[in-house]
Amino acid sequence: MLDFKFKSSTKKINEGNVTWSSPSNIALVKYWGKKEHQIPENPSISFTLNNCKTTTTLSYSKKENTNNFSFDVFLDGDKKEDFKPKIETFFKRIEAYLPFLRDYHFKIETSNTFPHSSGIASSASGMSALALCLMSIEKALSEDISEAYFNQKASFLARLGSGSACRSIEGDLVVWGTHKEINGSSDLFGIKYPHDVHENFKNYQDTILLVDKGEKQVSSTVGHDLMYNHPFAERRFEQAHENMSKLISIFKTGDLNAFIKIVESEALTLHAMMMTSMPYFILMKPNTLEIINKIWAYRNETNSKICFTLDAGANVHVLYPENEKENVMEFIKDELIVYCQNEHYISDQIGFGANQIQL
Ligand code: PMV
């Protein structure tokens, strides 16, 4: 049995600071629905993004009174009171594993490589960066922490901040949630995808089309909760297991047509779950559908392997192999950018290499 309890330490540290940069990720098989303690209802897998990152510096200084958590949060230098409740909840959830949290006052200074108001969720990169910083403090206070334990516990903690954040700790293709064909997979933390991945997926491109940069009308916390008593939930959770099995052979053979089917179906299923919950809601915008239809038309005309996926919002992630980069970018600029708010988009690619960096 895994034990993420804090190993007692004899070291005393009065103050210090640590900085981590951590990436965002985009799910191929989606996590939507959870049990208590952020345990996912189904396994999910994601590509780690190279360019969408959060950098967080955590400064800590010993305080006298250990009754409460004490921290301040800054985004790009501005104090953010509205970020505090989420972090307070996070601290409460992880306190049992990091008992030093009440011993220090923390200053959390964070910045994103993508605009905060882009509609891109910063919770995966933000919570994973914070979890990594906290693990660096644990490491400073304890002897003997292996790299494997460090990463696994960072993912375990990040999950308790935001489920998808546990897929942003280690690796470019990350699985979270127990799946019978993926050895070592766990509901408690993300693991590097352990099977073969075909060259076709190397440097896979993701151009994020910013259709709507506003705040989401429905948070993912509310969305997950609506999967309780959802009429299609059980079948959906089974389907995610099946899609994961299919992806294992797709990653091995490099079958991009089969890849497209799974990825687009997962995106539309995620939104179908939203539309069929009670209360129901729609996060796609008219321009989301315009873009999807244009992508389908382009694929029919050109035989391109372009496809799309969606997260819990209106923005579209356009996925395509590296060897199509030039042509697809031309298509995006000519035909899709008109559907983006202020013509904004972000070019990214799947990170093959070190993504998470201690600065
Ligand atoms: O990590 P959360 O609780 O914000 O949930 C994210 C859920 C999706 O982004 C819609 C899907 C996923 O697997 O990332």
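Observations on the model:
- A single member of Gln239, Gln217 is within 15 Å of the ligand (Cβ to nearest atom), open to solvent by 30 Å² or more (accessible area, probe 1.4 Å), assigned by TED's automatic domain parsing to the domain that holds Ala267 and under 14 Å from Ser265 (Cβ atoms), and it is Gln239.
- Yes/no for Thr89 being of a type in the set (Val, Ile, Thr), assigned to a strand (DSSP E or B) and within 16 Å of the ligand (Cβ to nearest atom): no
Results for (1) in a helix (DSSP H, G or I); (2) touching a helix residue (DSSP H, G or I) at 6+ places or on another chain (Cβ under 8 Å), shown as yes or no for each residue.
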residue	(1), (2)
Tyr97	no, yes
Phe114	no, no
Gly126	yes, yes
Leu132	yes, yes
Gln152	yes, no
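- In the range 38-63, the qualifying residues are those that are part of a strand (DSSP E or B), open to solvent by 10 Å² or more (accessible area, probe 1.4 Å) and more than 25 Å from Asn112 (Cα to Cα), and the one that is farthest from the ligand (Cβ to nearest atom) is Lys62.
- Number of the exception - Ser22 against (1) in a strand (DSSP E or B); (2) touching a residue at least 40 places away in the same chain (Cβ under 8 Å); (3) open to solvent by less than 20 Å² (accessible area, probe 1.4 Å); (4) away from the ligand (no atom under 16 Å from the Cβ): (4)
- Test: Lys333 is in contact with a strand residue (DSSP E or B) (Cβ under 7 Å, 6 or more places away or on another chain) and either part of a helix (DSSP H, G or I) or closer than 23 Å to Arg167 by Cα (or both): no
- You will find that of Ser122, Ser162, Ser168, the residue that is of a type outside the set (Lys, Arg), closer than 19 Å to Thr221 by Cβ and open to solvent by 30 Å² or more (accessible area, probe 1.4 Å) is Ser122 and no other.
- Phe83 surrounded by 22 or more Cβ atoms within 10 Å (Cβ to Cβ) and in a helix (DSSP H, G or I): no
- Residue in the range 285-304 that is within 23 Å of the chain's Cα centre (by Cα) and free of Cβ contacts under 8 Å to residues at least 60 places away in the same chain present: yes
- Long-range neighbours under 9 Å by Cβ, at least six apart or interchain, first residue free of Cβ contacts under 8 Å to residues at least 24 places away in the same chain within the range 61-81, second open to solvent by 40 Å² or more (accessible area, probe 1.4 Å) and not in a strand (DSSP E or B): Asn65/Arg102
- Subset of the range 63-117 that is more than 16 Å from Ala165 (Cβ to Cβ) and of a type in the set (S, T, N, Q) - its residue that is farthest from the chain's Cα centre (by Cα): Asn65
The values are calculated or read from the model by the stated rules, or taken from the named source; none is laboratory data. These numbers were taken from a predicted model, which means no experiment stands behind them. Positions of Cβ are generated from backbone atoms using ideal geometry, with glycine treated the same way; all protein chains shown enter the neighbour counts. Calculation scope for accessible area: heavy atoms of the full protein, side chains included, ligands and nucleic acids excluded. Shrake-Rupley method; radii C 1.70, N 1.55, O 1.52, S 1.80 Å.
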